[in-house]
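First comes the structure, then the notes that go with it.
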Amino acid sequence: MRIDSPALAQAQPKEPSDLRKAAADFEALVLTELLREIRFAGPDGEQSDQASSTMLGFGHEQMARAIAASGGLGLASIAVKGLEQAKHAAPATGDPKTEPVVR
C-alpha cells in the first residue's frame, strides 16, 4: 500500500505497540463522542451550566478510556488487525501502477 501524503507517511507507527496505542486512543475518542451524544439526547440535553458540562466531559473521556482499555467495542482490535493484514498482504513495490493509493 502506498501512502500519497508526506504527513501520513511520517505518522506511520514504528512499533506494533504504537499501532495498538493509537488504535485504542482512536476507540476512546469514538466512545467519548458517543457518550457525549447520548447525554445530549437525554431529557436534560444541553441545559446544564458550563462547569457541569465541563466536568461531565472529563468524566465521559475517562469512562471512554477505561472502556477502550478493557477491550471496548472492539474497534481498536479490528483496526489493528486490518492494518496489519494490509501491511503484510501488499508489500511495497515502488510501482504506482500496482500499489493502491491511500489519500
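Derivation of every value follows stated rules applied to the coordinates shown; laboratory data play no part. Keep in mind it's a predicted model, so treat the numbers as computed, not measured. In this analysis, Cβ positions are derived from the backbone assuming ideal geometry, glycine residues included, and neighbour counts consider all displayed protein chains.
Details
- Gain upon complete extension [Ala66, Ile38; 0.36 nm per residue less C-alpha separation]: 8.3 nm
- Radius 12 Å from Cβ of Arg20, net charge of other residues (Lys, Arg +1; Asp, Glu -1): -3
- The gain in end-to-end length when the Ile78 to Asp25 segment is fully stretched comes to 17.7 nm, 0.36 nm per residue minus the alpha carbon separation.
- J(HN,Hα) series, the stretch 15-21, from Karplus relation 6.51 cos²θ - 1.76 cosθ + 1.60, nearest Hz, glycine and proline x: 10, x, 5, 5, 5, 5, 5
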